[in-house]
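Comments concern the structure below.
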Amino acid sequence: MFLFAWMNGVSKHLMQPENRDFSAVQVLWIRFLFLVLVTVALASRRGGIALLRTSRPGLQIIRSVFFVVQVGCFLIGFKYLQLAEVVSVSSAAPLLVTAMSVPLLGEHVGVRRWSAVSIGFVGVVVILRPGLAVVHPASLCMLLGTCLFAIFQIMTRVLARTDSSETTFAYTALIGAAAVSLIGPFQWTPPDANAWILLIIIAALGGLGSFVLIVALGSAPPAILQPLYYTIIVWSTFVGYLLFGDIPDAYTIIGACLIVSSGLYTVLRERRLAEKTTQGGRGAGAQSQRRRRRPNQRSESESGSRSGSESGSGSGTIQIPSLAPPLLLRASARLPQP
């Protein structure tokens with residue numbers, strides 16, 4: 001989150017009129033071209049073109065286009081609004097995922113999580129404060145980007161059932177670069193040496209941040225990492241003050257607190273439901289194991305008594321059947337989605 005906050009801050013710096021006044025498309029184009037280089041390096045280690053094999057090419061393309069548009073919307077927001085304000089509203093995306101998972105994925109969301117989603121949306125309204133001030137057009141782009149980001153996450157969840165994360169990443173980079181290349185040359189402002197350095201820094205921060213995030217997701221479950229996502233609000237506030245002297249107003253602080261508290265409650269609630277589901281699966285497995293044991297124990301005891309009576313007192317020994325070790329049942333429980 002620290003790296004992403006600095007990436008957004010440097011992007012905002014390049015897009016300011018007092019600097020080179022780069023367009024969001026130009027910054028976006030450089031970022032995706034760098035991702036293509038990462039994809040080529042990844043493909044060289046993963047079998048080349050085999051990395052692009054997918055059972056859902058259409059959904060991969062649509063998801064990549066959504067990603068391009070939502071990043072562009074956020075860049076427009078960064079250009080005209082404070083970093084903390086944009087990041088705070090975008091933090092409501094997980095709550096939108098919870099709400100959209102009901103009609104799109106057919107998942108069940110209880111009253112408690114619906115309440116948390118509602119409180120989070122109140123936080124978004126507090127930040128935008130429609131009616132109390134003129135809503136900047138960039139705020140609408142920021143809202144659109146948040147909605148697209150939520151749909152993007154849902155499509156990512158669906159693709160994770162069939163495609164690897166490397167394949168999805170490759171489609172994101174290649175389709176995104178191809179889409180931005182259609183308009184990038186027409187929005188190009190020749191950079192000087194300092195601007196090229198900043199553009200390379202933006203691309204490097206984005207690539208390194210994505211790599212660290214992938215490593216983190218491979219080392220810990222998302223339920224543990226999700227609360228750490230909200231630290232980007234703190235880092236963005238720090239970067240915004242350091243680079244631009246921006247200080248969030250009371251509305252932004254109150255709205256961010258509502259969004260973060262709602263998001264944290266939703267994560268903790270989902271974790272608790274997941275634990276209950278896992279415990280229920282283990283209990284069902286144990287009961288099934290006991291039910292399988294009892295008939296075997298009865299039949300073995302009966303056969304043992306029969307063999308003992310047949311041997312009589314001639315040998316004076318009772319044949320005790322050897323019990324096979326019980327099967328280890330693996331209880332697989334489906335983790336509830338937000």
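The values are calculated or read from the model by the stated rules, or taken from the named source; none is laboratory data. The structure displayed is predicted, hence computed values, not measured ones. Reconstructed Cβ throughout: ideal geometry from the backbone, glycine too, with neighbour counts over all protein chains shown.
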Just need a number here: residues in segment 229-242 that are more than 28 Å from the chain's Cα centre (by Cα) and under 12 Å from M7 (Cα atoms).
0
Residue set V109, V97, V135; condition assigned to a loop (DSSP other than H, G, I, E, B), in contact with a Lys or Arg (Cβ under 9 Å, 6 or more places away or on another chain) and not hydroxyl-bearing (S, T, Y); output residue V135
Which one of L159, L148, L143 is farther than 21 Å from S88 by Cβ and touching a residue at least 40 places away in the same chain (Cβ under 8 Å)?
L159
Looking at (1) part of a helix (DSSP H, G or I); (2) farther than 24 Å from F211 by Cβ, can you tell me which one Q153 breaks?
(2)
For segment 167-182, which residues satisfy the criterion of being in a helix (DSSP H, G or I) and surrounded by fewer than 17 Cβ atoms within 10 Å (Cβ to Cβ)?
A178, S181
Would you mind telling me which numbered condition in (1) at pLDDT below 90; (2) within 20 Å of F34 (Cβ to Cβ); (3) crowded, with 17+ Cβ neighbours inside 10 Å D163 fails?
(2)
Out of G77, G120, sole residue that is closer than 30 Å to L182 by Cα, touching a residue at least 24 places away in the same chain (Cβ under 8 Å), small (G, A, S) and part of a helix (DSSP H, G or I):
G77
Looking at segment 213-250, which of the residues that are of a type in the set (F, W, Y) and modelled with pLDDT of 90 or more is nearest to H13 (Cα to Cα)?
F244
